[in-house]
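Worksheet: the structure to be examined is printed underneath.
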Amino acid sequence: MGKPTIYQTFRQVVGRAFRETGQALDRAGVKGHQMAVTTRVIGDDPVIYQDHLSRHRQQMPLLRRGKPVVSPDVAFLAPCATLIGTVHVGAGSSVFYKSILRADNCDNAEAFRENRAAIEAASASGRSPPAPAAASGVVQADDNDDAGGEHRDTGQRHPGEWDLDPQRAARTNSTATGGGIFIGEDTNVQDGCIIDAARDHTRIGNGVTIGHLASIHSATVRDHCLIGMGSLLQEGVVVEEESFVAAGANVPRDTVVGPGELWVGNPARKLRDLTPEERERLHYQADAYVEVASALKDNMLLGGNLPDSLSQYMYHGHDGEYDDDEEDSGYEEDYEDLDDKEEAEQQRDKVEDRHRKSI
């Protein structure tokens, strides 16, 4: 390759100048937006507003395939998670880093638009959407119906559902395929998971834990299940309540995992029934992830790069009752020998003030 010409050099220099100018404007816009929406408190990192520039689209609406509908009470959506098409996420649920929820093959998306305004209004107020009037000439959906067909709401409402339940829909004879992804409440989708709905709806219930790098394709997972890390649920799989699919298991298509069962292997097979203690632990694990996700959400709302000292203060001592054993012992040493109650309280306040100044 010969020496670059004057024109090539000019084009490269001018192109770089325009590109770097655009990046600088983008960074200024990101910083200004963070300053507008972020509350700064004592102890914040000096560079709390200097967020990294990212053009990642967390929620991707599609013109003919629907758009994501996320409850305002969702626990956490990672900045690098991706929701594409007709994806509905319920209150208290979380989607962690690098997870992809893809409903971009939903030929039935048009029917979901009829209730979208009611869904969004109801989710904003924290109540179930009103039941629309039943469509004339529409039959009730059959759970055994094959994928395909345009959806029309039958007017039945499931109490406690903030979102549109796909079971409420009826199908007509059509060649349409695909579906949406419906995630219930207090469910966590952990890092690197892939969930799609190419053949039919993917339905995930309440209190479900989906481990890292798991893949779910047009399957149904009932309430309080655990899908292990790296496992695969193929099309048509149904996992009943309080079941456990072990890490790395490959569940063949159209398989039904019974309630309270443990499945392992490739291809997956039933190993045994879960004990009552193990089934109870599934509930505990989901609840624990709700707490973790809520803490992450609070962190991100404050800028996302909090110092450790402030994080510990917020999550352990924001109400004046510190959980750290070392801090508790400090309080006791300072006022345990004082007989006067009022003087003891004043001494404790001084200790708390010293602690706040130290962070």
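The values are calculated or read from the model by the stated rules, or taken from the named source; none is laboratory data. Because the structure is a prediction, the values reported are computed rather than measured. Backbone-built Cβ (ideal geometry, glycine too); neighbour counts: all protein chains shown.
Numerical summary
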{"quantity": "Output for segment 88-99, where each listed residue is buried (at least 22 other Cβ atoms within 10 Å of the Cβ) and in contact with a Phe, Trp or Tyr (Cβ under 8 Å, 6 or more places away or on another chain)", "calculated": "His88, Gly90, Ser94, Val95, Phe96"}
{"quantity": "Evaluation of Asp44 against (1) modelled with pLDDT of 65 or more; (2) within 20 Å of Ala295 (Cβ to Cβ) (one fails), failing number", "calculated": "(1)"}
{"quantity": "From Gly179, Gly192, Gly207, residue being within 30 Å of Arg64 (Cα to Cα), touching an Asp or Glu at 6+ places or on another chain (Cβ under 9 Å) and not acidic (Asp, Glu)", "calculated": "Gly179"}
{"quantity": "In segment 47-76, the residues that are surrounded by 12 or more Cβ atoms within 10 Å (Cβ to Cβ), in contact with a strand residue (DSSP E or B) (Cβ under 8 Å, 6 or more places away or on another chain), part of a loop (DSSP other than H, G, I, E, B) and modelled with pLDDT of 80 or more", "calculated": "Gln58, Pro61, Lys67, Pro68, Ser71, Val74, Ala75"}
{"quantity": "Residues of segment 189-211 satisfying the condition of being under 20 Å from Met60 (Cα atoms) and polar (S, T, N, Q)", "calculated": "Gln190, Thr202"}
{"quantity": "Ala198 being aliphatic (A, V, I, L, M), in contact with a strand residue (DSSP E or B) (Cβ under 8 Å, 6 or more places away or on another chain) and surrounded by fewer than 19 Cβ atoms within 10 Å (Cβ to Cβ)", "calculated": "yes"}
{"quantity": "Residues of segment 198-237 satisfying the condition of being in contact (Cβ under 8 Å) with a residue 60 or more places away in the chain, under 21 Å from Ala293 (Cβ atoms) and of a type in the set (A, V, I, L, M, F, W, C)", "calculated": "Val208"}
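Rundown of residues vs (1) more than 20 Å from Ala75 (Cβ to Cβ); (2) more than 25 Å from the chain's Cα centre (by Cα); (3) among the hydroxyl-bearing types (Ser, Thr, Tyr); (4) surrounded by 15 or more Cβ atoms within 10 Å (Cβ to Cβ), yes/no style:
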position: Ser215; (1), (2), (3), (4): yes, no, yes, yes
position: Asp223; (1), (2), (3), (4): no, no, no, yes
position: Thr275; (1), (2), (3), (4): yes, yes, yes, no
position: Tyr289; (1), (2), (3), (4): no, no, yes, yes
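Yes/no per residue for (1) of a type in the set (A, V, I, L, M); (2) at pLDDT 95 or above; (3) assigned to a loop (DSSP other than H, G, I, E, B):
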| position | (1), (2), (3) |
| --- | --- |
| Leu213 | yes, yes, yes |
| Asp254 | no, no, yes |
| Glu278 | no, no, no |
| Ala286 | yes, no, no |
| Val290 | yes, no, no |
| Ala295 | yes, no, no |
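Residue-wise test of (1) basic (Lys, Arg); (2) closer than 19 Å to Tyr289 by Cβ; (3) at pLDDT 65 or above; (4) more than 17 Å from the chain's Cα centre (by Cα).
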| position | (1), (2), (3), (4) |
| --- | --- |
| Asp165 | no, no, no, yes |
| Ala176 | no, no, no, yes |
| Asp186 | no, yes, yes, no |
| Val239 | no, yes, yes, yes |
